[in-house]
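The values are calculated or read from the model by the stated rules, or taken from the named source; none is laboratory data. No experiment lies behind these values; they were computed from the predicted model shown. Every residue, glycine as well, gets a Cβ built from its backbone with ideal geometry; the counts of neighbours run over all protein chains shown.
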Amino acid sequence: MPVNEYKKLISKQLKELGVAKGDVIFVHSSLSSFGYVPGGERTIIESLYQAVGETGTLLFPSLSYEIVTPENPYFDVVRTPSNVGKIPEYFRKHIAVKRSLNPTHSVSGMGKLVKELLSDHSLDETPCGEHSPYRKLPERNGKILFLGCGIEPNTSMHAIEELVNPPYLFGNFYTYKVIDEHRRTHMLKCRRHDFNGWKQRYDRIEAILEEKQLHSGKVLKANAHLIEAKPLWDRALNILKKDPFYFVERV
């Protein structure tokens, strides 16, 4: 099947899942889950953009917490790679028009609202603070899409946790040398997430969402899930206020 036919099929399956023109979509993904795709990462990303259209916005995590560490406190928004998979890294390097300025939890994006969502991330002293795209996503009626990776790798949950500040969440503050897209140098003080001794159990969100708030299906061979960000925030935050350990377990 030609590449264009793959794109049409992927876009059709995304639409059936609940992705619509004009949507703001935050995408978590696993390339290997799709099976063979001609054009690989580019075909998948272009299919996603086709699904949301020119009025939509695509966001991918470009997290670099494994690379930017207390021992290596240096982040270059253009050159520092991400450590969250092949599709996000391809998007960051070849397609995204902007990457947010956070040393460990940056986000890459393209589309109508990309500047609004990504421009102020450097103002936060935590990875997923009030100026981060994670916090802004529910305000823009955004959706979180999981392609072949299950629903556990959900960075938005960190932003919800930051509102509650459970005992396992934060480590120390560190000062990072940060190079922005204009090659200017900044010294940013930011706190790291910790989770030492705790395992994330964000798959438990399935039990707290109503059926209409979690849509599941297939995109090629990948199991896919689509969640509306606002109901996730409302329900998860309410639970965390009552039980701050609901979404983790001891290792």
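Does ARG79 satisfy the criteria of being surrounded by fewer than 23 Cβ atoms within 10 Å (Cβ to Cβ), of a type in the set (D, E, K, R) and outside any strand (DSSP E or B)?
yes
Conditions (1) touching a Lys or Arg at 6+ places or on another chain (Cβ under 7 Å); (2) outside any loop (DSSP other than H, G, I, E, B); (3) over 25 Å from ARG201 (Cβ atoms), marked per residue:
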{"residue": "GLY109", "(1), (2), (3)": "yes, yes, yes"}
{"residue": "LYS115", "(1), (2), (3)": "yes, yes, yes"}
{"residue": "THR126", "(1), (2), (3)": "yes, no, no"}
{"residue": "HIS131", "(1), (2), (3)": "no, no, yes"}
{"residue": "TYR134", "(1), (2), (3)": "no, yes, no"}
{"residue": "ASN154", "(1), (2), (3)": "no, no, no"}
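Restricting the range 190-242 to residues that are aliphatic (A, V, I, L, M) and part of a helix (DSSP H, G or I) leaves a set whose member that is surrounded by the fewest Cβ atoms within 10 Å (Cβ to Cβ) is ALA207.
Residues in the range 28-38 that are loosely packed, with under 14 Cβ neighbours inside 10 Å and in a loop (DSSP other than H, G, I, E, B): GLY35, TYR36, PRO38.
Residues that are without any contact (Cβ under 8 Å) to a residue 24 or more places away in the chain and closer than 19 Å to GLU152 by Cβ within the range 180-213 comprise ALA207, GLN213, listed in sequence order.
(1) in contact with a Ser or Thr (Cβ under 9 Å, 6 or more places away or on another chain); (2) assigned to a loop (DSSP other than H, G, I, E, B): which one isn't true of LEU145, the others all being true? Unmet condition: (2).
For VAL19, state whether it is under 18 Å from GLY148 (Cα atoms) and touching a Leu at 6+ places or on another chain (Cβ under 7 Å). Considered against the rule, which asks whether it is under 18 Å from GLY148 (Cα atoms) and touching a Leu at 6+ places or on another chain (Cβ under 7 Å), VAL19 comes out as yes.
Quick check: anything in the range 167-178 part of a strand (DSSP E or B), at pLDDT 95 or above, touching a His at 6+ places or on another chain (Cβ under 6 Å) and aromatic (Phe, Trp, Tyr)? Checking the range 167-178: not a single residue is part of a strand (DSSP E or B), at pLDDT 95 or above, touching a His at 6+ places or on another chain (Cβ under 6 Å) and aromatic (Phe, Trp, Tyr).
Consider ALA222 carefully, then state whether it is of a type in the set (Gly, Ala, Ser) and touching a Leu at 6+ places or on another chain (Cβ under 6 Å). Yes. Exactly one residue among VAL78, VAL84, VAL37, VAL68 is under 17 Å from the mean Cα position of the chain (by Cα) and either among the β-branched types (Val, Ile, Thr) or within 26 Å of LEU9 (Cβ to Cβ) (or both), and that residue is VAL84.
In this entry, PRO153 is excluded by the filter for residues that are in contact with a Leu (Cβ under 9 Å, 6 or more places away or on another chain) and either small (Gly, Ala, Ser) or in contact (Cβ under 8 Å) with a residue 24 or more places away in the chain (or both). Is it the case that some residue within the range 95-110 is closer than 23 Å to VAL19 by Cα and free of Cβ contacts under 8 Å to residues at least 40 places away in the same chain? Yes: one or more hits. Of all residues in the range 1-27, those that are more than 29 Å from PRO133 (Cβ to Cβ) and assigned to a helix (DSSP H, G or I) have Cβ atoms under 8 Å from Cβ atoms of residues that are modelled with pLDDT of 95 or more and polar (S, T, N, Q), 6 or more apart or on another chain, in VAL3/THR43.
Scanning the range 105-135 for residues that are charged (D, E, K, R) and either touching a Phe, Trp or Tyr at 6+ places or on another chain (Cβ under 7 Å) or surrounded by fewer than 20 Cβ atoms within 10 Å (Cβ to Cβ) (or both) gives LYS112, LYS115, GLU116, ASP120, GLU125, GLU130.
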